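These notes concern the structure reproduced below.
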Amino acid sequence: LPPLTSEDAMVNLLSQIIFTVTAYHELIGHIVDYTIEPTRAGFRLSEKNEANIDLQSFLLFSIITSSTSLRMPSLISEFSNFFGAGGAPLWERQLWSSFTSKLEEQSKSVRDADAQREVEFKYFDPKRFECSVSV
């Protein structure tokens, strides 16, 4: 990590982390199209047929696909049991509420822009973002 020499550096770091585990994950996280059949993608090829992945690789990929496709909590949530709870400072709640309000505004902007497009691009709508863990 680069040295965090200012508040702006910390804001930039946290913004990048939030973007990576929400918006970017929403965009690239749909792997089911690649893992639904053993002829599409995998960790290694079969020795018998180079057009297919081997059974073990297919099963591992299927497990990853099925476990990561579970719904996670929406990013635009109150999380009242985390922010400002249990004696935590009030500013946490205020900051989180401000952040989610801005996400709501951005969501409206994205939906308004999509209404003008011939083809919708919903992946950067914050209402679609889920909390996730990068693995």
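Computed from the coordinates by the stated procedures, all read-outs in this text should not be read as laboratory data. The model shown is predicted, which means the values in this text are computed figures rather than measured ones. Cβ: placed from backbone, ideal geometry, glycine included. Neighbour counts: every protein chain shown.
Along the axis of the charge dipole computed for the chain (Cβ charges of +1 for Lys and Arg, -1 for Asp and Glu, origin at the Cα centre), the listed residues 121, 16, 65 are led at the positive end by 65.
Which whole-number percent gives the relative contact order of the stretch 1-90, counting Cα pairs below 8 Å spaced six or more residues apart? So the answer I get is 16 percent.
One equal scatterer on each Cα of the stretch 19-76, no solvent, Debye formula: the resulting log10 I(q)/I(0) at q = 0.13, 0.14, 0.21 Å⁻¹ is -0.40, -0.46, -0.79.
Note on residue 115 and residue 36: their simple-model spin labels are 3.2 nm apart, each label 7 Å out from Cα toward Cβ. Over the chain, dividing the summed -39,500 (n - 2.57) contributions of all DSSP H runs of at least 4 residues by the number of residues returns a 222 nm mean residue ellipticity of -14500 deg cm²/dmol. Each of residue 47 and residue 82 was given a label point 7 Å from its Cα along the Cα-to-Cβ line. The distance between the two points is 4.6 nm. Here the average projected area of the convex hull drawn through the C-alpha atoms of the chain stands at 12.3 nm². For the pair residue 15 and residue 66 in one chain, pulling the backbone fully straight at 0.36 nm per residue adds 15.5 nm over the alpha carbon distance. Spacing of the modelled spin labels on residue 92 and residue 123, each 7 Å from Cα toward Cβ, amounts to 3.4 nm.
Of all lysines in the structure, the ones whose alpha carbon falls short of 16 Å from that of residue 122, not counting any fewer than 8 places away in one chain, are 108.
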